[in-house]
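One structure below.
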Amino acid sequence: MKNNIVDLQNKLQALLLSQHDNFTQGKVADYIPALGNVKPELAGICVATIDGKTVGVGDYQRPFSIQSISKVFGLVMAMNRLGDSLWQRVKMEPSGQPFNSIIQLEWEKGIPRNPVINAGALLVSDVLTSHFSASKLAFLSFVRKLANNETIHVDKQVYQSELSHGNRNAALAYLMKSFGNIEAEIPELLSHYFTQCAVAMSCQQLAQSLLFLANKGVDPLSKNIICSPKDAHRVNAILSTSGMYDQSGEFAFSVGLPAKSGVGGGLIAIVPNYGVICTWSPPLNSFGNSVVGMNLVAGIAEELGLSIYH
Ligand code: GLN
């Protein structure tokens, strides 16, 4: 067992070193100004397994803005709360559009293509805002419980920064409301969405907190049932087809794991019946996915033969 851990750590270290020249290939997101202050050369990778091992290298214990990775937690909460009726308000198809695109939403009468593009996550935020008396607190409690860490917090600076630069998300939400697909008042809904995006977590915390998706809905460490096996399957299916936005096809083709990226530079990949890989490197490609993060996940998935399509 110990040898396995040392071996994995060596592999992760070698992979991270191999990325040394690639930090300049992407661009740190600055459309949310507070994210633009993060150093581009910070990077970490962590692998957590369902049998309780956690191995990480680089900046894997340093919290970063989880951004769209929060959509995974929000979706699980909304599925648990609403059951199958959720799928009348949001679909499960790849969008083939950028994550914050507004075009499709007009054609498709305010029904988002899937819950991990911004329109879909705003819809999920509406469900949470409307069904929890204190949805932001409920969200934070959920991730703190999953990560078994009460110190996880919302980065207020990132929250404020996104709130004052969130016109496109506001437009998506108002458009959906005009079609009758949003219940809450938009400012309240946006406040929830920006709060969950501004949660700061490390690669280690993210990898451990998402283990239930690799373990048929059961947190392997606490043994708590987080969602049904059917819903774990559904989330993984959505992450496989849409989690990397308009690069999801390429990611499935070259890596073969359900995954979700965030514009803070985080990337999580679920390996069913094995564990979770989480990487962090802020520079993004034009799809909004971390350049080095994708290379790291691709590298370790190949070395360990983790693709779900084998
Ligand atoms: N908060 C970001 C936004 O709404 C999340 C996007 C992302 O991480 N892809 O634009």
Check: Scanning for something hydroxyl-bearing (Ser, Thr, Tyr), buried (at least 18 other Cβ atoms within 10 Å of the Cβ) and part of a helix (DSSP H, G or I), does the stretch 243-251 turn up at least one residue?
Finding: yes
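Test Asn37 against the criterion of being open to solvent by 30 Å² or more (accessible area, probe 1.4 Å), of a type in the set (S, T, N, Q) and without any contact (Cβ under 8 Å) to a residue 24 or more places away in the chain, and give yes or no.
On the way: open to solvent by 30 Å² or more (accessible area, probe 1.4 Å): yes; of a type in the set (S, T, N, Q): yes; without any contact (Cβ under 8 Å) to a residue 24 or more places away in the chain: yes.
Criteria met by Asn37.
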Check: Is it the case that Pro220 is open to solvent by 10 Å² or more (accessible area, probe 1.4 Å), in contact with a strand residue (DSSP E or B) (Cβ under 9 Å, 6 or more places away or on another chain), away from the ligand (no atom under 16 Å from the Cβ) and without any contact (Cβ under 8 Å) to a residue 24 or more places away in the chain?
Finding: no
Next item on the list: Give me a count of the residues in the stretch 170-202 that are part of a helix (DSSP H, G or I), open to solvent by 10 Å² or more (accessible area, probe 1.4 Å) and either polar (S, T, N, Q) or modelled with pLDDT under 95 (or both).
Entry: 3
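Test Glu106 against the stated conditions and say whether it is more than 15 Å from the ligand (Cβ to nearest atom) and either of a type in the set (Phe, Trp, Tyr) or touching a residue at least 60 places away in the same chain (Cβ under 8 Å) (or both). It would help to see each step written out before you state the result.
On the way: more than 15 Å from the ligand (Cβ to nearest atom): yes; either of a type in the set (Phe, Trp, Tyr) or touching a residue at least 60 places away in the same chain (Cβ under 8 Å) (or both): yes.
In short, yes.
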Notebook entry, point to check: Which one of the conditions (1) within 18 Å of the chain's Cα centre (by Cα); (2) among the acidic types (Asp, Glu); (3) over 25 Å from Gly265 (Cβ atoms) does Glu188 fail to meet, given that it meets all the rest?
Noted result: (1)
Check: Within the stretch 192-207, is even one residue under 15 Å from the mean Cα position of the chain (by Cα), within 14 Å of the ligand (Cβ to nearest atom) and without any contact (Cβ under 8 Å) to a residue 40 or more places away in the chain?
Finding: yes
Check: In the set Gly256, Gly264, which member is surrounded by fewer than 24 Cβ atoms within 10 Å (Cβ to Cβ) and either on the phi > 0 side of the Ramachandran plot or not in a helix (DSSP H, G or I) (or both)?
Finding: Gly256
Notebook entry, point to check: Has the stretch 17-33 got at least one residue that is part of a strand (DSSP E or B) and open to solvent by 20 Å² or more (accessible area, probe 1.4 Å)?
Noted result: yes
Check: Which of the residues belonging to the stretch 59-93 are assigned to a loop (DSSP other than H, G, I, E, B) and surrounded by fewer than 18 Cβ atoms within 10 Å (Cβ to Cβ)?
Finding: Gln61, Arg62, Lys91, Met92, Glu93
Next item on the list: Please indicate, with yes or no, whether at least one residue in the stretch 133-153 is within 22 Å of Asn80 (Cβ to Cβ), among the β-branched types (Val, Ile, Thr), free of Cβ contacts under 8 Å to residues at least 60 places away in the same chain and open to solvent by 10 Å² or more (accessible area, probe 1.4 Å).
Entry: no
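For the condition open to solvent by less than 30 Å² (accessible area, probe 1.4 Å), more than 14 Å from the ligand (Cβ to nearest atom), within 20 Å of Asp21 (Cα to Cα) and of a type outside the set (Gly, Ala, Ser), what is the one hit in Ile277, Ile300, Ile270, Ile238? Give the derivation first.
Working: Ile277 fails: within 20 Å of Asp21 (Cα to Cα); Ile270 fails: within 20 Å of Asp21 (Cα to Cα); Ile238 fails: within 20 Å of Asp21 (Cα to Cα).
None of the other options fit; the residue is Ile300.
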Checklist line | Residues (small (Gly, Ala, Ser) and open to solvent by 10 Å² or more (accessible area, probe 1.4 Å)) located in the stretch 117-132 | finding: Ser130
Checklist line | Positions within the stretch 42-52 being open to solvent by 50 Å² or more (accessible area, probe 1.4 Å) and under 22 Å from Ser161 (Cβ atoms), in sequence order | finding: none
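Picking from Val116, Val76, which residue would you name as being of a type outside the set (Phe, Trp, Tyr) and within 13 Å of the ligand (Cβ to nearest atom)? Don't jump to the end; show me each part of the working.
Values: Val76 fails: within 13 Å of the ligand (Cβ to nearest atom).
Selected residue: Val116, the only one of Val116, Val76 that is of a type outside the set (Phe, Trp, Tyr) and within 13 Å of the ligand (Cβ to nearest atom).
Yes or no, residue by residue, for (1) away from the ligand (no atom under 16 Å from the Cβ); (2) among the β-branched types (Val, Ile, Thr); (3) under 19 Å from the mean Cα position of the chain (by Cα):
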{"position": "Leu16", "(1), (2), (3)": "yes, no, no"}
{"position": "Pro40", "(1), (2), (3)": "yes, no, no"}
{"position": "Val47", "(1), (2), (3)": "yes, yes, yes"}
{"position": "Gln61", "(1), (2), (3)": "yes, no, yes"}
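The values are calculated or read from the model by the stated rules, or taken from the named source; none is laboratory data. Nothing here was measured: the structure is a model prediction, and the numbers come from that model. Quick reminder, even Gly has a Cβ in these numbers, built from the backbone with ideal geometry, and neighbours come from all protein chains shown. The accessibility values were calculated without ligands, DNA or RNA, using every heavy atom of the protein model including side chains. Shrake-Rupley method; radii C 1.70, N 1.55, O 1.52, S 1.80 Å.
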